[in-house]
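Structure record follows, encoded as structure tokens.
Just so you know, all these numbers are worked out from the coordinates, no wet-lab data involved. Owing to the predicted nature of the structure, the values given are computational and were not obtained by experimental measurement. As a convention, Cβ positions derive from the backbone with ideal geometry for all residues, glycine included, and neighbour counts pool all protein chains shown.
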Amino acid sequence: MGGGKTGMDVFVSETDPLLFTFQMDLGLARVASQDPVAWFTRYPGRFRRWHVKDFESLSGAQAREAQSLRNLASGTLTPRPAPSAAAGASGGRAGGPPAPLPGRPCPVGSGDVDFAPIFAAWRESGVKYFFVEQDAAGAWPGGSLKSIETSYQTLRTLLG
């Protein structure tokens, strides 16, 4: 864009804060090597909704997305395999989560995203609502309900 501005910078700075607020996917922001707190500082009060999403391997998710962009640039589009129960079936720990799959979403607090500084900056962000998102939550031991219980307990701790 020039001058160090991204398309998102232009979008946020060129819209009326009284008419437009934004939703940030905290996990995907980290996958893109972005710091949500830096965005909150740069544009206070503009991020009223959050998707709270964690990744079992942030570097794995970054590598997967980088490969996806390389494929797109070269015209070789290949569908990404969706995380599934079978994905971690081999090598999983008894009673624990499936074996790590690079970049797989996981229950909040079970992965590599450090949510403590993000939640500490909630006032600056302007957040009013947040939503927990975990693709293929049913693939984890205990299924979707156990996954959301883990995420809930992490969020209770963060919110103190």
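Under the 0.36 nm per residue contour assumption, what length would be gained going from the current alpha-carbon distance of Val10 and Gln23 to full extension?
Stretched out fully, the Val10 to Gln23 stretch lengthens by 3.1 nm.
Say a paramagnetic label sat at a point 7 Å from the Cα of Ala73, along Cα to Cβ; which residues of the range 1-31 have their backbone N under 16 Å from it?
Inside the label zone: 1.
Taking loop as defined by DSSP and a crowding limit of 14 other beta carbons within 10 Å, which GluC sites (Glu not before Pro) in the range 1-78 fit? Kindly include the intermediate steps, with their values, before the conclusion.
Values: sites: Glu14, Glu56, Glu65; in loops: Glu14, Glu56.
Those that pass, being in a loop and sparsely packed, are Glu14.
May I ask you to sort Phe55, Phe115 by Cβ crowding, counting other Cβ atoms within 10 Å and putting the fewest first? Don't jump to the answer; show the numbers that get you there.
Working: Phe55 24, Phe115 21.
Final ranking by Cβ density, sparse to dense: Phe115, Phe55.
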